[in-house]
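This report refers to the structure that appears directly beneath it.
Read-outs: derived from the displayed coordinates by stated rules, not from any lab. All of these numbers come straight from a predicted model, not from anything done at the bench. Positions of Cβ are generated from backbone atoms using ideal geometry, with glycine treated the same way; all protein chains shown enter the neighbour counts.
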C-alpha cells in the first residue's frame, strides 16, 4: 500500500468549457483550478511510484474540506466531521483518478474498488486529500458474497 497526501483544498472535476473563435471554430479547455489540482496530485504520485501498477487497483480517498464557521468552536474540541455540502464526492474522486492516470496505474479503468470519505478537517488540521493506493486482492470476506 502506498499513501499520497496533498495539502491543498480538494478541487472537484469540472466540465470542460467551450468557446467559439471569431472565424467560427469551436474549442474546449479544462478550467485552470482542475489542471492545478491534478498537477499537484501527479507530482506527489511521481515521488511515490517508480512505475505504474499493472494490476487491478483499490483506492481509499479522504477529502478534508475547509471547516465552515458554523463548526468552529473556541472552547470545545473540533474533531473531523462529515461534510454534506458541495462539491459532490463523485466529482472530487474524478479529479483524483485523472491526476493519478499514467503515474500510479496505467489507466483509471484498472480501478476495481474505491472507498471515499468527505469530511471537514479537524480543528487543528488543514484542508487536504489523502490517497491510499493498493493492489486489489479479494479478501475472504468478499468471497463469501460471491455465492
Round to a whole angstrom and tell me the spacing of the C-alpha centers of the stretch 23-41 and the stretch 44-74.
22 Å
For the chain, percent of DSSP beta bridges that are antiparallel (nearest 5) comes out at 65 percent
The chain: relative contact order in percent, alpha carbon pairs under 8 Å with at least 6 residues between:
40 percent
Gain in length, residue 36 to residue 80, computed as 0.36 nm per residue apart minus the alpha-carbon separation, to one decimal in nm?
13.3 nm
Output ordering of 6-16, 50-60 (per-residue mean of other Cβ within 10 Å, highest first) is 6-16, 50-60
Between residue 132 and residue 69, what length comes free when the chain is fully extended (0.36 nm per residue of separation minus the Cα-Cα distance, one decimal in nm)?
19.7 nm
The chain: C-alpha gyration tensor shape, a/c 1.5 cut-off, then a/b vs b/c
oblate
In whole angstrom, largest first, the equivalent ellipsoid semi-axes that the Cα gyration tensor gives for the stretch 55-101 are 29, 12, 8
Evaluate the distance, in nm, between pseudo-label points positioned 7 Å from the Cα of residue 20 and of residue 47 along their respective Cα→Cβ axes.
4.6 nm
